[in-house]
Each structure stands twice: as C-alpha cells, then as structure tokens.
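Have a look at the structure below, then the notes.
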Amino acid sequence: MEKTAKIKRKYTLFTGKQLLWLILPIIIEQIFSSSLGFIDSIMVSNMPGDSTSASLAVTNIDYMNNLIIQLFSAFATGGAIITSQCLGAKDTESAKSSAKHMLIIVVIASLVIGGLSVALNWPLLRLLYHDIAPSSQTFKFQSIYFYITAASFPFIGLFNACAALLRVQRKSMITMSSAAISCGLNAAMDALFLYVLKLGVLGAALATLVCRAIPAIYMLVILGNKKNLVAVRIFEKFRFDKQMVKKILRLAIPAGIESALFQLGKLMTSTFVNVNHYIDPVIGEDGLPLYVDGSLKTINMEALANSIANHVNNYASMVGGGVGTACLTVVGQAVGTGDVDQCKYYMKKMFLLSYIANTICVALFLGLSQYIVRIWNFKDVTFEELVAIRQIALKCLYFCLAMQIVTYPLSFTTPAILKATSDVKYVMFSAVISMFVMRVGLSFILTTDKIAGLPKLGAFGYWIGMCSDWVLRSVLFLSRLLTGKWKKSSGLFKEPAEEPQNYTESSENGVE
C-alpha cells in the first residue's frame, strides 16, 4: 500500500468577486461610451427637417470615428499589456515607466491624427464616400459633423490611454463613472442644441466634442493621484527610454494596424449599400415621385436599415467585448507571473464568462429587436417606407445575432487573450486576412452591381459577409490558442524555480 499526495491548485490572482467588479464596470463603460454616436443618431433622426440625410451622415462619420477610436485603443493596449504583465511580475517601476511612455505616445499620435483629419476633411470624405455627391445634403452634414468630432480625437486618445492604465490596476469603476457622466451630458446637450437652439448636425457634433473632452481631463487627474499603484503625471519631467519605446511599439503597431484595418473594412463594406442601385425616389402623398427645390428627393432604405442594424448589433456585442477588454488585465497579469498553468486557468475562465454573458445579452436583444428598431422614426419618409426600413433591419439583426451567439467569443475574446500574451503579430495577420477575404470580399460580391449575374442583397449581403468573417476568425484564432504557440510568442514563460506565489495548495491523501 502506498500513499500518494494529490495537489490541487487554487489560483487567487483574481477571485470570482474581483473578476465581477472588473468586468461589469467595463461593460457598462462601453455601453456609455458607444452611446455618444448612438444618441446623436437617434436624436437627429427625430429632428425636424431632412432627418434621413442627417441620420445617415452621423452614422457614416461614426464609422470613421470608431476607426480612430479603435486605433487609439489599440495603441493604449500595447502599453497596457506591458504594464499588466509588469504588475503580475510585481515589477512596479517598470510598470510605471511603460505607463508613462504609452500615455505620451498616444497623446502625440492623437494630436497628429486629429490635425490631419481636420485638414483633410473633404478629401477623406470623398475617398471613403465617393458615391455620395458633394452637392448632396448628406455630404454637407458629414463634413460638418466630421470637422467638429475630429477636433475631439486628442481627447479620445487621452481617455483611452488613461482608461487602459486604470483598468490594469483594477480600477474599472472609475472609467465607468467617467463614461456615465459623459453620456448623460451628451444626451442633455443634444436635446439643448437640437431641439432648443435648433443647430442641427452642428449641435450634435458640438455636444459630442464637449462630452469627450470632460471625461478625458477628469481621467488624467485621477490617473495622476499618488495613491495609485501606477500613478502617471503627463506634465512631469520625462525622457524617452528607447528600449521601452521599442517594446511598446512592438505590441502597439501590430495591434493598431489590426484594429484600424478592421474598422476600415467595416467602413468600406458600409459604403457597398450606399451606392446608387439601392437609392429609390421618395413617393409623395399623390403617389408620384417627390421633388424638392427642383431636384428629385431620394431615399436609400438599405443604407438606413443597415445603420439601424449596426447600432443595435454594437450594443448586443458590448457584453462580450467587455469580457475581451478585461482579458488584457486578467491574462496579462497571469502572464507576468510566469506560470503557464495559471495562464491556462484564467484563459478558460474568461472564455466561460464570455460565452455565458454573450449568450444572455444577445438572446435578450433577439427577443427585443422588433421593439428596439421602432426607436428610429425618420420624419421625412412615408409610413410604408418606414415599415420597410424596419423590416430590412430586423432581417439583418435576426441573422447576425443568431450567428453571434456561437461565434463572438471565439472570434473576439480569443484574440484579446492572444494579445494579452503578446501574440499580437499573429492576431494582426489573421484578422486582416479574414476581414479582406470575408467581410470585404464576400460583402462586395453579394452587394455589387458591377458584376452581372450576382445577387444584389443590399444590407443582408453586408451581414452575410460580416458573419462569415466571424467564422473564419474563430477558426484562425482558436487553432492558435489550442496549439500553444502563444507561449513562444510571449517570451515570458519559464518554469518557476520555486512554488508560484499566486495560488494555494491543498493536499488529499489517498491509498492505492
């Protein structure tokens, strides 16, 4: 008879309660942050006048703004990954250094991009929305909205950098409260500028600018508090460390390219349903085409329905997205400990949380979609046209939400986990390939009239391409995770010489 000891590891780097209070505020923060463009779109769709052109213009510029937001977020992620890993390794000085470098880099990049966006307003809009005539009301509204919101890019960069650094310190409640204040102010200012002062699209843009500046400055003040484990003050004496800059850019540049091209792909595919063969004349009460100031008034029901579906889908995916954002903190700190088993444990835990949370959220939106689409109430279309727009949006939503339940955690939580292990290059190449082949390529085939004999599916073709992208992403990222090649990419894994510090052991004696 021989006694053996079975050792059961219980990891305590993040308890269940700590995970809850990390993830929940991040989800709520993302809802508030994304509501800025959503609130603008809803309010301009209900304002008097040319509400369809205004709503489409705001939605189109939101695609561009989201590209910039994701770019800044990706750059912030590069520094935050290093800071998180340093905190996991209990190397506070390196964590502070990486945090300060990342913040400075993001602020400089956001100032440059913001300045270029203001200077190149018209050329950028013509490049990305060449099917919208410069003389049209939609293009004029786009130009106004882009001028003002582009001025907010430095504040977006500052907010994203500060938020990422506070999250890795497990202070996501602060970022949530900041986003909530911003969202509340935006709604109030939209109502004032649109309905009281009647500034139209200009008012919606001004409200967004102010409500991005306030939380950014607030977050910078909070991050500079000396009570923080990693306190960063942007105006203190600072000198760049070339090695640290290279380390951050090695992660930030691939992450930035991946996020920027991903958003660019979304922007490109959205233009596929803006083209002329989806545009129909508006029919007046007498049953004849409606003319305004001598010009035929038109409506693109596919584009309007697509904008509705995109807004709703963005909200439905925020819970899964929040878990993915939390992975950078959780898995990043697990990587810092150098314990492979601990990393695997928290990877599995985050996957499970992602599937549970995403399924509940998406199922809720599936059930409520028929009521949610009624929020959009375009004032300058007939009742029949409004019903048709909502039906197209619902068709797209039912399809994409059903696909999202299965594919979203695999296609978005997995790359977040890989990024946290520093495996950013693989994520970049895989995401870009999948996006151009499926999201852009397939969407073009299903929506274009340039190739005879192909179906013109409009907004629904756009969503078929997008969901196909989710499927291919799932295969590429999951295979990488299962093969274990992320261990080599991280460059941090070493078998610990002594017992890891972030778990407790319990022994159970058994007899063979």
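Rule-based calculations on the coordinates, nothing more; no lab input. A quick note: this is a predicted structure, and the numbers were derived from the prediction, not measured. Cβ coordinates were reconstructed from backbone atoms using ideal geometry, including for glycine residues, and neighbour counts include every protein chain displayed.
Things worth noting here:
- Spin-label pair residue 93/residue 120, simplified geometry with 7 Å Cα→Cβ offset, distance in nm: 4.2
- Computed lengthening from residue 185 to residue 450, 0.36 nm per intervening residue step minus Cα-Cα distance: 90.9 nm
- Taking region 366-405 and a reference point 7 angstrom along Cα→Cβ of residue 131, the backbone N atoms nearer than 18 Å belong to 389, 392-393, 396.
- Full extension of the chain between residue 360 and residue 196 yields a length gain of 55.1 nm, computed as 0.36 nm times the residue separation minus the alpha carbon distance.
- Ranking 328, 42, 74 by Cα position along the charge dipole of the chain, where only Lys, Arg, Asp and Glu carry charges on their C-beta atoms, puts 328 farthest toward the positive end.
- Sorted from greatest to least, the principal axis extents spanned by the alpha carbons of region 190-262 come out as 53, 37, 19 Å.
- Mean residue ellipticity at 222 nm, helices only, the chain: -24000 deg cm²/dmol; runs of at least 4 DSSP H residues each add -39,500 (n - 2.57), and the sum is divided by the number of residues.
- Ranked by how many other beta carbons lie within 10 Å on average, peptides 151-162, 443-454 from highest: 151-162, 443-454
- Which listed pairs, of 100/485; 17/247; 90/348; 349/395, have C-alpha distances above 27 Å, in listed order: 100/485; 17/247; 349/395
- In this Cβ point-charge picture (+1 for Lys and Arg, -1 for Asp and Glu), region 17-488 has a dipole of about 2320 debye about its Cα centre.
- Helices assigned as whole DSSP H runs in the chain whose Cα atoms extend at least 20 Å along their own long axis and whose mean Kyte-Doolittle hydropathy is -0.5 or higher are found at 16-45, 51-88, 92-119, 153-168, 172-191, 201-223, 242-272, 301-316, 318-337, 340-372, 383-408, 459-483.
- Listed peptides 399-406, 174-181, 361-368 appear in the order 174-181, 399-406, 361-368 once ranked by packing, highest mean of other Cβ atoms within 10 Å at the front.
- Extended-chain gain in nm, criterion 0.36 nm per residue less alpha-carbon gap, residue 253 and residue 147: 35.5 nm
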